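To start, the structure under review is shown below, and the notes come after it.
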Amino acid sequence: MRVLAIDTCLADISAAVSREPGQAECETFRHERDALQRLAGIVRDLLGRSGLRPEDIELVVCTRGPGSFTGLRVGVAAAKAFAAAAGAQMAGPSTLAMLAANVQTPGALVVPLIEACPGEVYCGAYRVGGAGEALAEVAPDQVCPASNLEHWLDALGSPGPVIIGPAAAKYASCIGAARVEEGFDTVSILRVIEWGRAAAESGGLTGPLDFQPEYLRASHAEIRRAEGKG
């Protein structure tokens, strides 16, 4: 299966084209104002390097969030437009799940953190499987006040969770610095491809019109409008 993968939910934007398992052409760049235009050019270049035309792509995998509102909208809009034009199907892993997938210790309980806004984080809990086993969701992705993080972690009922992600160091004082493990702050676009191939094998694909992002909370603009300030 020929796959296009896109991740735009965090500070770095990545795209990759894969003709077959174990092979991929990849590019990553820092999120900028012209992200959509630059992403389109990179996808075109990746297709050329892979010897593929847009219509050759059978599956578009796009991280569905949570994460940056702007980045998420850019990625989902680009992925849906490409999939619709190419006649491809879609799959979308959680950004938090893809962060958790960086940890390869079987049996570990992994809690990735992404800042939603000052004093608030996106969080979820995942159990790392053994050889050949998929990552298992223990607690669904959600928004949590940083002040409530330690209580939420304790409620998971599992000692020694591994706390990772781009917001982990910032909120270490809320959860106990000893719980935080650094170095797992980015999404691997190669793992996004792997997740998409597994979704295809299990029948977990959808059409572009049915693909939905996972925002988890209203944007600042939506909140201001609801408060009559927009």
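The values are calculated or read from the model by the stated rules, or taken from the named source; none is laboratory data. Since this is a predicted model, take the numbers as computed values, not measurements. In this analysis, Cβ positions are derived from the backbone assuming ideal geometry, glycine residues included, and neighbour counts consider all displayed protein chains.
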Matching entry among A86, A91 (being over 30 Å from E182 (Cβ atoms), surrounded by 16 or more Cβ atoms within 10 Å (Cβ to Cβ) and in contact with a helix residue (DSSP H, G or I) (Cβ under 9 Å, 6 or more places away or on another chain)): A86
Within region 21-36, is there a residue that is of a type in the set (A, V, I, L, M, F, W, C) and either loosely packed, with under 14 Cβ neighbours inside 10 Å or free of Cβ contacts under 8 Å to residues at least 40 places away in the same chain (or both)? yes
Positions within region 131-166 being touching a residue at least 40 places away in the same chain (Cβ under 8 Å), closer than 16 Å to L109 by Cα and not aliphatic (A, V, I, L, M), in sequence order: E137, D141, S158, G160, P161, G165
So, in region 27-68, how many residues would count as being within 16 Å of the chain's Cα centre (by Cα) and under 26 Å from L113 (Cβ atoms)? 12
Helices (runs of 4 or more DSSP H) wholly in region 94-184 with at least 2 residues that are touching a Phe, Trp or Tyr at 6+ places or on another chain (Cβ under 8 Å) and modelled with pLDDT of 90 or more - which ones? 95-100
Of all residues in region 61-80, count the ones that are without any contact (Cβ under 8 Å) to a residue 60 or more places away in the chain and crowded, with 21+ Cβ neighbours inside 10 Å. 1
